[in-house]
Amino acid sequence: MGNMNKIMKKKIVTHSGNFHTDEVFACAVLSLLYDGNVEIVRSRDPEVWATGDYVVDVGGEYDSARGRFDHHQIGGAGKRENDIPYSSFGLVWKEYGEKLCGGTYQSYYIDEKLVQPVDTADNGINTFDLTEKKIFPYLLHHVVTAFRPTWREESEHEMSFDEGFAHAVGVAKQVLLREIVIAKDDFEGEAAVVDLYHKSADKRVVVVDGQYPWERALSQFPEPLYVVKPDHENGGKWKVKTVRERIDSFESRKPFPSVWAGKSGKELAETTGVPDSIFCHTKLFIAVAGSKEGALKLAHLAVDAE
């Protein structure tokens, strides 16, 4: 019986032809759920759909109990509380994300970071505006479409859409595995940072004596302006970093004093009065000192500066 269970693969059916980020990642989730013990079939034949344990991004039906995860039917397949509709990726993640991640926080973390951007793009919803530079960012969508055959590759039979799809699913699985690890570790690390915040005598300057992910954890509190932490790239030195206005922004709540900009070594030490000052970035978001004490002095000088 044990061998029979190993042989019996789950059959996932999705549409053939061109492929998109949502069904690539939906299939990757289901593959990880069964440790790769799946068969993925790409078809637009309803008779083939009927044979699938799961039918993803095709079929005009959403019924999680029966393994049907399409969102193209009239009325779609529902929305989140923030009005972002589901694509096939979001539907599969809603059903199995928590099981795959091992926790509600981790599942939501990945939904917000990875799944919702895919769902918005697949449903034709714009979530950002370009700056005056007019440079379009390279998105996860572009990573997936890079595996589509070009017109030349397809016409010369160098690569098929099925082959490209298989490569893309493999990459999607690796991305998901890494994001699951990150989500789990960030959950513990952010809890440690919140604890450090609560224990800080002066909550404008928070000492994070470890490589914990602090940005999101501290952005939820109004007081923090600076974080003092070890500079793991240069052993023994300490960094001071500004807390951003928003986690997705480059704007600091309070930049370092403008007279520090670009100074280093003796010049910075004379300007700040901190003997082991090493460097301050020209954009005034990071400074380095030779010791924890020096970094704390820089942070408090910055707090008191007008």
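The values are calculated or read from the model by the stated rules, or taken from the named source; none is laboratory data. Values in this document were obtained by computation on a predicted structure and should not be read as measured data. Cβ: placed from backbone, ideal geometry, glycine included. Neighbour counts: every protein chain shown.
Candidates in segment 62-91 are the residues that are surrounded by fewer than 16 Cβ atoms within 10 Å (Cβ to Cβ) and under 21 Å from Lys10 (Cβ atoms); of these, the one that is nearest to the chain's Cα centre (by Cα) is Ser64. Selection of segment 138-148 for residues being out of contact with any Phe, Trp or Tyr (no Cβ under 8 Å at 6 or more places or on another chain) and of a type outside the set (Val, Ile, Thr) yields Tyr138, Leu139, Leu140, His141, His142, Ala146.
Would you mind stating whether Arg246 is part of a helix (DSSP H, G or I), closer than 27 Å to Phe128 by Cα and not β-branched (Val, Ile, Thr)? Here the answer is no, as Arg246 does not meet what is asked.
The set of residues in segment 205-257 that are of a type in the set (Val, Ile, Thr), at pLDDT 95 or above and out of contact with any strand residue (DSSP E or B) (no Cβ under 6 Å at 6 or more places or on another chain) contains only Val243. Do we find a residue being surrounded by fewer than 22 Cβ atoms within 10 Å (Cβ to Cβ), in contact (Cβ under 8 Å) with a residue 40 or more places away in the chain and not in a strand (DSSP E or B) anywhere in segment 268-287? Yes, segment 268-287 contains a residue that is surrounded by fewer than 22 Cβ atoms within 10 Å (Cβ to Cβ), in contact (Cβ under 8 Å) with a residue 40 or more places away in the chain and not in a strand (DSSP E or B). Can you tell me how many residues within segment 75-85 are assigned to a loop (DSSP other than H, G, I, E, B) and touching a Phe, Trp or Tyr at 6+ places or on another chain (Cβ under 8 Å)? So the count comes out to 4. Checked against (1) more than 21 Å from Val274 (Cα to Cα); (2) modelled with pLDDT under 95, Tyr197 meets all criteria but (2). Among the conditions (1) over 23 Å from Asp185 (Cβ atoms); (2) touching a residue at least 40 places away in the same chain (Cβ under 8 Å); (3) touching a Lys or Arg at 6+ places or on another chain (Cβ under 6 Å); (4) not in a helix (DSSP H, G or I), the only one that Glu223 does not satisfy is (2). Go through segment 132-150 and count every residue that is at pLDDT 95 or above and more than 16 Å from Val169 (Cβ to Cβ). Looking only at that region, the number is 2.
Between Lys113, Lys94, the distinction of being surrounded by fewer than 18 Cβ atoms within 10 Å (Cβ to Cβ), in the same structural domain as Tyr34 (by TED's automatic domain parsing), at negative phi and part of a helix (DSSP H, G or I) belongs to Lys113 only. For segment 150-192, a tally of residues being of a type in the set (D, E, K, R) and surrounded by fewer than 16 Cβ atoms within 10 Å (Cβ to Cβ) returns 10. Among the residues here, Asn18 qualifies as closer than 18 Å to Glu163 by Cα and out of contact with any Gly (no Cβ under 6 Å at 6 or more places or on another chain).
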